[in-house]
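Engineer: A single structure is presented below for examination.
Every number in this text was worked out from the coordinates using simple rules, so none of it is lab data. Note that the structure is a prediction, hence the values are computed from the model and not measured. For neighbour counting, all protein chains shown are included, and Cβ atoms are generated from backbone atoms with ideal geometry for every residue, glycine included.
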Amino acid sequence: MNCVIIGSGVAGIAAIEAIRSLDSESSITLIGDDPYGFYSRPGLAYYLTGELHDRALFPRTPDDFRNLNFRYVKGKVTKILRAEHVLELEDQSPIAYDRLLIAVGAQAIPLDVLGAHLEGVLKLDHMSDAKLILKHARRGKTAVVVGGGITALELTEGLRSRGMKVHYLLRGDRYWSNVLDEHESKIIEHRLREEGVTLHYHAEIGELTGRNGKVNAARLLDGQLLKCDLLAYAIGIRPRLDLAKQAGLAIDRGNLVDEYLQTDDPDIFAAGDVAQVYDPLSGRSVLDSLWTPARQQGYTAGLNMAGRKTAYIKAPPFNVTRLAGLTTTILGTVGRGRDDDLVGIARGDSETWRQLPHSLVAQTGFDVNRLRLLVGEKTLLGAIVMGDQNLSLPLEKLITGNVDISPIREKLLMPHAKIGDVIAEFWSTRNSRN
Amino acid sequence: MTFLGIFKRDAKKHTVLASGQVVPDPARCVQCGICTYNCPIGIDVRVHAWRGEPVQHSQCLTCGECVARCPRGVLRFEQTDLFAKGTS
């Protein structure tokens with residue numbers, strides 16, 4: 001059999017590992033248009049801050065790839081000819097497939113303002129974007145950041161760490177309003193201010209001005225002019241659907257797949273940020289932009305491509321990230337509504353985080369250690385852990401394992417309950433029994 | 001600690017746990033490589049995190065640098081038999 005994978009991200013690599021775990025004979029071809037191949041996309045944040053050099057972001061050696069025995073084609077697929085089972089490439093010979101995986105990821109939604117084409121207006125999708133940002137980042141110069149979610153803060157923190165003066169523009173009155181609650185947003189904003197970031201609320205760019213083709217200022221809708229040497233944006237991402245559209249595959253917000261990661265063409269699969277995956281437990285099809293689900297989806301797709309029918313069962317999504325230097329775990333369902341700073345989903349985000357559950361909120365904590373739980377009828381539906389991460393692992397297991405929390409539900413919902421202690425005691429008692 | 005503090009901090013001394021090993025939670029790992037980058041003796045901790053295997057490496061000092069540096073809480077210490085032998 002001839003398996004072809006489009007996309008050199010984690011979903012594609014996981015698919016190759018899955019195929020090879022069952023089948024050492026079939027031919028596998030990986031086609032990728034990222035000039036840097038497979039690297040840790042989330043790790044770019046630490047490259048921007050200077051905690052890592054770029055070479056450290058590559059998890060695989062050439063030897064690792066040789067052991068997986070696949071052919072790597074650096075190139076861009078322009079067309080899927082489904083009837084012929086052939087891919088057309090830009091400036092390269094066509095490639096035939098028996099089974100195809102589309103794992104092309106998502107890309108930043110472009111900034112739609114006058115002047116967005118100017119040099120120095122930058123996004124953070126790929127390694128090449130991170131390198132361009134660092135090329136433009138100059139100590140003592142000024143940057144403007146617009147957008148929301150994790151990527152906007154990665155940009156803010158990265159540029160600040162490089163010694164730039166940073167203005168962070170928020171369209172509404174707080175940061176990441178559809179995942180964090182008001183108090184959590186305030187914690188993050190306070191920490192950003194402490195590090196010298198200037199926050200602007202209800203601030204929207206009207207146009208960008210430039211000199212000699214390079215951005216030099218952002219004019220806000222209220223008339224304020226912010227001089228800047230660089231403007232970085234993260235207003236959301238969108239699955240790269242050009243190929244699926246051209247091929248006539250079923251699409252919605254992403255490339256629609258069933259629980260076997262199969263599209264409406266039985267020989268074509270999709271996984272990772274491009275895929276809108278059917279979840280048999282909730283009956284919904286959702287987008288995730290998270291490393292671990294992408295890896296799991298890629299692996300499951302690979303097993304199915306190799307002939308072992310395997311369903312992908314979506315676990316409650318979680319992400320551990322650092323927001324303004326504060327380690328934060330986001331688990332299950334925690335927020336609601338829309339965020340004015342984001343057009344679609346953000347990187348490191350899951351649509352599931354915003355599916356409003358029938359639940360009550362229990363919260364505790366002070367400025368740098370905060371715990372919020374979404375308590376359902378019998379289980380915990382979601383949690384945010386900021387700062388001290390001791391409860392992060394127990395909560396991950398309780399939420400992903402759908403553990404019955406009836407014995408402590410009332411305690412959790414009592415006014416001023418020490419919910420951290422209640423969870424810790426429940427967890428240790430449960431563990432000592434098992 | 002504020003975020004600029006995190007980026008600037010120097011390696012700290014950590015308690016040596018002679019009877020411990022570093023155990024990853026692969027579901028949290030994004031393969032950024034900070035663990036490997038900061039390992040003083042060059043163990044590729046990240047590979048262990050990808051495979052979900054404890055860092056059973058005869059040269060691991062259990063210095064805790066990888067545990068402390070990981071920004072996502074992937075790594076933790078787990079006590080082992082004091083006399084268990086590590087693999088190379």
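Engineer: Equivalent-ellipsoid semi-axes (√(5λ), Cα gyration tensor) for the stretch A:132-239, whole Å, largest first? Mind dumping the intermediate values first?
Structural biologist: Numbers: eigenvalues 95, 50, 36 Å².
Value: 22, 16, 13 Å, ordered largest first.
Engineer: Please report A:Met164, A:Met414, A:Met1, A:Met305 as a ranked list, fewest other C-beta atoms within 10 angstrom at the top and most at the bottom. Present the calculation step by step, with values, prior to reporting the outcome.
Structural biologist: Numbers: A:Met164 25, A:Met414 11, A:Met1 14, A:Met305 30.
By the 10 Å Cβ count, ascending: A:Met414, A:Met1, A:Met164, A:Met305.
Engineer: Still on this structure, please answer the following. Would you mind checking the radius of gyration and Dmax of the stretch A:41-152 based on alpha-carbon positions, in Å?
Structural biologist: So, for the stretch A:41-152, Rg and Dmax equal 18.6, 57 Å respectively.
Engineer: Identify the GluC sites (Glu not before Pro) of the stretch A:1-72 meeting these criteria: DSSP loop state and at most 12 other C-beta atoms within 10 Å of the C-beta.
Structural biologist: Listed in order of number, the matching sites are A:Glu25.
Engineer: If packing is taken as the average count of other Cβ atoms within 10 Å, what order do A:287-298, B:40-51 fall into, highest mean first?
Structural biologist: A:287-298, B:40-51
Engineer: What does the helix-only formula give at 222 nm for chain A: each DSSP H stretch with n ≥ 4 adding -39500 (n - 2.57), the total divided by the residues, and the result rounded to the nearest 500 deg cm²/dmol? Let's see the in-between values first.
Structural biologist: On the way: 11 runs with 115 residues, N = 434.
After summing the helix terms and dividing by residue count, I get -8000 deg cm²/dmol.
Engineer: Can I ask one more? Using a 10 Å cut-off around each Cβ of peptide A:286-296, what is the average number of partner chain Cβ atoms that fall inside?
Structural biologist: Per-residue shielding by partner chains comes out at 2.
Engineer: Quantify how strongly other chains surround peptide A:313-325 by giving the mean number of their Cβ atoms within 10 Å of each of its Cβ atoms.
Structural biologist: Going residue by residue through A:313-325 and averaging, the value is 3.
Engineer: Now for a separate question. Going by average Cβ density within 10 Å per residue, which order do the peptides A:56-67, A:312-323, A:100-111 take, highest to lowest?
Structural biologist: On the way: A:56-67: 14.9, A:312-323: 21.2, A:100-111: 24.2.
The peptides rank, most packed first, as A:100-111, A:312-323, A:56-67.
Engineer: How compact is the protein assembly as shown by the rule of thumb for globular proteins, expressed as Cα Rg over 2.2 N^0.38 Å?
Structural biologist: 0.98
Engineer: Additional query: Can you tell me the order of A:178-184, A:427-433 when each peptide is scored by its average per-residue count of other Cβ atoms within 10 angstrom, highest first?
Structural biologist: Most protected by this proxy first, the peptides run A:178-184, A:427-433.
Engineer: To continue, here is another question. Among A:Leu331, A:Leu413, which comes first, then next, by fewest other beta-carbon atoms within 10 Å?
Structural biologist: A:Leu413, A:Leu331
Engineer: Continuing with the same structure: Which of A:Lys79/A:Lys314; A:Lys79/A:Lys123; A:Lys76/A:Lys165; A:Lys314/A:Lys411 have a Cα-Cα distance over 32 Å?
Structural biologist: On the way: A:Lys79/A:Lys314 30 Å; A:Lys79/A:Lys123 26 Å; A:Lys76/A:Lys165 38 Å; A:Lys314/A:Lys411 30 Å.
Distance filter (> 32 Å) returns A:Lys76/A:Lys165.
Engineer: Further question on the same structure: Suppose every Lys and Arg Cβ carries +1 and every Asp and Glu Cβ carries -1, with no other charges. What dipole size does the protein assembly as shown come out with about its Cα centre, to the nearest 20 debye?
Structural biologist: With only Lys, Arg, Asp and Glu charged at Cβ, the dipole is about 1220 debye.
Engineer: As a test, work out the antiparallel percent of DSSP beta bridges whose residues both lie in the stretch A:110-234, rounded to the nearest 5.
Structural biologist: The answer is about 35 percent antiparallel.
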